[in-house]
1. Distance cut-off 21 Å, Cα to Cα: go down the list LYS172/LYS231; LYS22/LYS73; LYS288/LYS397; LYS172/LYS266; LYS442/LYS490; LYS21/LYS65 and report the pairs above it.
2. Order TRP307, TRP132 by their accessible area, 1.4 angstrom probe, all chains in place, largest first.
3. Quick one: what are the phi-derived ³J(HN,Hα) couplings along the range 30-38, Karplus 6.51/-1.76/1.60 with θ = phi - 60°, whole Hz, x for glycine and proline?
4. Sum up the charges of everything whose Cβ sits under 13 Å from the Cβ of ILE385, counting Lys and Arg as +1 and Asp and Glu as -1, but leave ILE385 out.
5. Using a cut-off of 17 Å between alpha-carbon atoms, which aspartates and glutamates can reach LYS443, once sequence neighbours fewer than 8 places away in the same chain are excluded?
6. If you take all C-alpha pairs in the chain, what percent of them are over 43 Å apart?
7. Ordering ARG86, ARG454, ARG163, ARG219 from largest to smallest accessible area (1.4 angstrom probe), what's the sequence?
8. Positive end of the charge dipole of the chain (Lys, Arg +1 and Asp, Glu -1 on Cβ, about the Cα centre): tell me which of THR157, ILE273, LEU224 has its Cα farthest that way.
Amino acid sequence: MNNSRHSPVEMSKDQFKEIGKKLIDDIAGFYDGIRDRPVTPGETPEQLQLLLKDFLFANDGRDAKALIGQAAKLLFDHSLLNGHPRFLGYITSSPTAIGALADLLASAVNPNVGANILSPIATEIEKQTIKWLAEFLGLSPDWGGILVSGGNMANFTAFLAARTAKAPKSIKQDGISNSEMKLLVYCSKATHTWIEKAAFLFGFGTKAIRWIETDQANRMDNLLLEQTIRKDLENGYHPVMVVGTAGDVSTGVVDDLQGIALVCRKFDLWFHIDGAYGAPAVIIPEYKSMFEGMEEADSIAIDPHKWLYSPLEAGCTLVKNENYLIETYSSHPVYYNFGSDDDLRTKNFYEYGFQNSRGFRALKVWLALQMVGRDGYIEMIRGDIHLAELFFDLATKHSELEAISINLSIATLRYIPSGFDGEKHDAYLNTLNEALLNLLQKKGEVFLSNAVIRGKYCLRGCIVNFRTSPRDIELIVEIIVREGRKLHRKLTDDSDVSV
């Protein structure tokens, strides 16, 4: 009997090597020349659709070598390049080359890291990666967790564990709608929008969020937090959790985590930290005190695809007691033959989070942690912080820029034309800076994002980019001022704004 089978998707060993080598060569050239490319081509969806009009899902297949080459060119020439040294937008890091290779390797073997039997070595690597991430943050080795897609999912995973731990046990069977408990969660007004999604999606409702005002440093006001909890308890509500932030997305501020921990202990509430962006800075010796109290949390969200420079997707939920994950997510239908009675140390990750089928996200993080090492991450994260400080300092010294805030590796500023009074022309300056940001994002020389701070629309640079240099920061300042001047002239020619 013939034991071979022809399949249209198969490649021979020689074909795979030839196509793969060419692709790796092209990617290496892309990395080497990324500085000379625009950060983004600024094309419209209509322009991009025209590029794809000749690609067809036809009856007959096409040559794989040509397809891979065309796909590479499309991505290299028509993408927003978050690996570009002048990409300082949002919090997506410049991805490591070893992470890209790890994703290729993981895809080639294609383990389903949902159950140990489906992914024996991948499961052990993910377990070890979680331990290393906990160690990175200075946590006890007893912490557990799970790799997820990113910050939203890392926070969602912890949110439901908190509900399991602190809400009535009957909710699992009866649902929230049948509970007389009025469940509440607490967070600062600077908390990322994931909390609204979680409250809505998981049955609390957005009115269950208590938004606590921030202090002058933009940290959650812990005195007001405690007063709000006391008042809610007196009025018959059921507080469940408090969310602290270790590096808020707009300005990089770290809440007083030790103070939040004390409040949570006092009222027996779940303490969750959204450290998706900022938590890795705890590894810097001179910043360690800023994160005091982090070890007292019940759960922490961290995104390796932010400040650990992993390619997307890589988020992680860490929990002090991972039994709450099992209580929340574990199920055992008859068609799951994933038992672990033979070895109590066997772990099936489908019991720890939302997904049953799970890709091998941990490999790229595991490899990078080993390649870079603790000292390497200290060097890179500290370097990003110093570049943000340089950005802020250059803005402070420039007569046409107003430096607004600096925290961790996030600096905010705004362009103010010569002779303008920032207070007198505040509304116009907001319009000018919003238009300037949109222009900069489209032109592709630099990519910044925005923040609104005390009513001021600001340009925001977040540096989680190992390719960015001091010269890049100097160039970015020059570009902001140059384009700001031109845009101001254009706007004032069309309006009655006067100095």
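The values are calculated or read from the model by the stated rules, or taken from the named source; none is laboratory data. If you're wondering where the values come from, they're calculated on a predicted model, not measured in any experiment. Quick reminder, even Gly has a Cβ in these numbers, built from the backbone with ideal geometry, and neighbours come from all protein chains shown. With ligands, DNA and RNA removed, areas are computed over all heavy atoms of the protein, side chains included. Shrake-Rupley method; radii C 1.70, N 1.55, O 1.52, S 1.80 Å.
1. Working: LYS172/LYS231 28 Å; LYS22/LYS73 12 Å; LYS288/LYS397 29 Å; LYS172/LYS266 26 Å; LYS442/LYS490 17 Å; LYS21/LYS65 11 Å.
Too far apart for the 21 Å limit: LYS172/LYS231; LYS288/LYS397; LYS172/LYS266.
2. Details: TRP307 0, TRP132 75 Å².
Greatest to least solvent exposure: TRP132, TRP307.
3. 4, 4, 5, x, 4, 5, 8, 8, x
4. Values: positive: ARG382; negative: GLU286, GLU379, ASP384, GLU389, ASP393.
Local charge sum for ILE385: -4.
5. Within the straight-line limit of under 17 Å, LYS443 reaches these aspartates and glutamates: ASP36, GLU43, ASP77, GLU434, ASP472, GLU478, GLU483.
6. On the way: 29594 of 124251 pairs.
So the portion of pairs separated by more than 43 Å is 24 percent.
7. On the way: ARG86 35, ARG454 180, ARG163 60, ARG219 85 Å².
Sorted by accessible area, descending: ARG454, ARG219, ARG163, ARG86.
8. Working it through, the farthest residue towards the positive pole turns out to be THR157.
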